[in-house]
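Where a number appears in this text, it was derived from the coordinates with a stated rule and is not lab data. The model shown is predicted, which means the values in this text are computed figures rather than measured ones. FYI the Cβ positions are ideal-geometry reconstructions off the backbone, even for glycines, and counts take in every protein chain you see.
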Amino acid sequence: MKHIDAVTLENLKNKLITQKEKLELLLQRVKEESPANDGARLNDNASPDADASEEVMLIQTEVMDDTLEASLKRIEDALKRIEDKTYGIDKNTGELIPVARLEIDPTADTCV
């Protein structure tokens, strides 16, 4: 991390924390609004078309949930690397990740 000055590192960390907070809120909303959490739907007599539409919504919710969880994991991993003082080092090669790349994607763990 010696190639990243303290101010830049703090800015990247703050950016990660802000992204994490936004993702956590969004993930909470997705889970709360999921059709799977609607107990009334279990006892309804919906038409097959409505059932199919509901199934699509469930799949979309699952995909969104998985995508948000993966993004959250990348952020948490980046914050852990900052804590471990391995942030900015390519996990495969050990090379330094360019600061410009980290500024674009602060979760980057490889040079490319």
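For the range 1-26, a residue qualifies if it is among the aliphatic types (A, V, I, L, M) and either within 19 Å of Lys80 (Cβ to Cβ) or surrounded by fewer than 13 Cβ atoms within 10 Å (Cβ to Cβ) (or both), and the qualifying residues are Met1, Ile4, Ala6, Val7, Leu9, Leu12, Leu16, Ile17, Leu23, Leu25. For the range 61-72, the set of residues classified as over 10 Å from Ser34 (Cβ atoms) and not β-branched (Val, Ile, Thr) consists of Asp66, Leu68, Glu69, Ala70, Ser71, Leu72, listed by residue number.
Residues in the range 53-105 that are within 12 Å of the chain's Cα centre (by Cα) and touching a residue at least 60 places away in the same chain (Cβ under 8 Å): 1 in all.
Residues that are surrounded by 13 or more Cβ atoms within 10 Å (Cβ to Cβ) and hydroxyl-bearing (Ser, Thr, Tyr) were ranked within the range 68-95; the one that is nearest to Ile4 (Cα to Cα) is Tyr87.
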